[in-house]
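Visitor: Shown below is the structure under consideration.
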Amino acid sequence: MDFFTVIEPIWKVLAVGLLLGAGLPALFALGVRFLDIGRVPATVDGHTRVGTTSVAKIAAGSCFLVVALVIALGLAVLIDSKAVLPAIGLG
């Protein structure tokens with residue numbers, strides 16, 4: 001029995017686990033961080049307010065969108081895997 005044949009499924013599970021188990025929360029945290037570092041003070045009518053730059057909003061929104069799409073895909077697979085997996089080329 002070849003060592004690489006035995007270890008190949010283990011690497012696939014590890015890669016998916018790292019991507020979904022640690023990658024999505026890290027991407028969400030990056031989006032929150034973009035919202036925090038993009039804050040700039042602005043004075044309007046003598047009052048200082050804190051707003052977020054447009055670039056930070058776009059970057060954070062992109063992170064949140066990717067996380068939401070992966071969650072939606074995961075739910076779709078859980079609900080109807082026989083229809084979803086072949087449609088995306090995994091079944």
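The values are calculated or read from the model by the stated rules, or taken from the named source; none is laboratory data. What you are looking at is a predicted structure, and each value in this text was computed from that prediction instead of being measured. Quick reminder, even Gly has a Cβ in these numbers, built from the backbone with ideal geometry, and neighbours come from all protein chains shown. The area values use the complete protein model at the heavy-atom level, side chains included, leaving out ligands, DNA and RNA. Shrake-Rupley method; radii C 1.70, N 1.55, O 1.52, S 1.80 Å.
Visitor: Rounded to the nearest 10 degrees, what's the angle between the helix 54-79 long axis and the longest principal axis of the chain, both from Cα atoms, 0 to 90?
Guide: So the inclination is approximately 30 degrees.
Visitor: Measure nothing fancy, just the Cα-based angle from helix 24-37's long axis to the longest principal axis of the chain, in degrees from 0 to 90, nearest 10.
Guide: 10 degrees
Visitor: While we're here: In region 3-91, what percent of the accessible surface is made up of carbon and sulfur (1.4 Å probe, ligands and nucleic acids excluded)? Please report the intermediate quantities before stating the final value.
Guide: On the way: 5000 of 6790 Å².
The computed percentage sits at 74.
Visitor: Round to the nearest 0.05 the FRET efficiency obtained for ASP80 and ARG33 when R0 = 41 Å and r is the Cβ-Cβ distance. Walk me through the numbers on the way to the answer.
Guide: Numbers: r = 35 Å, r/R0 = 0.86.
Computed FRET efficiency for ASP80 and ARG33 comes out at 0.70.
Visitor: While we're here: Determine the relative contact order of the chain: mean sequence separation of Cα pairs under 8 Å and six or more apart, normalised by residue count, in whole percent. Before the final figure, lay out each step's value.
Guide: Numbers: 54 pairs, mean separation 19.8, N = 91.
Relative contact order for the chain comes out at 22 percent.
Visitor: Test of understanding: in a Gaussian network model of the chain with alpha carbons linked when under 10 Å, which of SER54, SER81, SER62 would top the mean-square fluctuation ranking?
Guide: Among SER54, SER81, SER62, the largest GNM mean-square fluctuation belongs to SER81.
Visitor: Given a Förster distance of 30 Å, report the FRET efficiency between ILE71 and ASP45 from their Cβ-Cβ distance, rounded to the nearest 0.05. Don't jump to the answer; show the numbers that get you there.
Guide: Values: r = 41 Å, r/R0 = 1.36.
Calculated value: 0.15.
Visitor: So what is the accessible area of the chain per residue, in Å², with the probe set to 1.4 Å? Don't skip to the end; give the middle numbers.
Guide: Details: 7090 Å² over 91 residues.
Computed with neighbouring chains in place, this is 78 Å² per residue.
Visitor: Between ALA42, ALA59, ALA26, find the one with the highest GNM mean-square fluctuation for the chain; connect C-alpha pairs within less than 10 Å.
Guide: ALA42
Visitor: Here's a follow-up. Okay, helix-only estimate at 222 nm for the chain: each DSSP H run of n ≥ 4 adds -39500 (n - 2.57), divide by all residues, round to 500 deg cm²/dmol; what do you get? Please list the in-between numbers first.
Guide: Numbers: 4 runs with 61 residues, N = 91.
Calculated from helices alone, the mean residue ellipticity at 222 nm is -22000 deg cm²/dmol.
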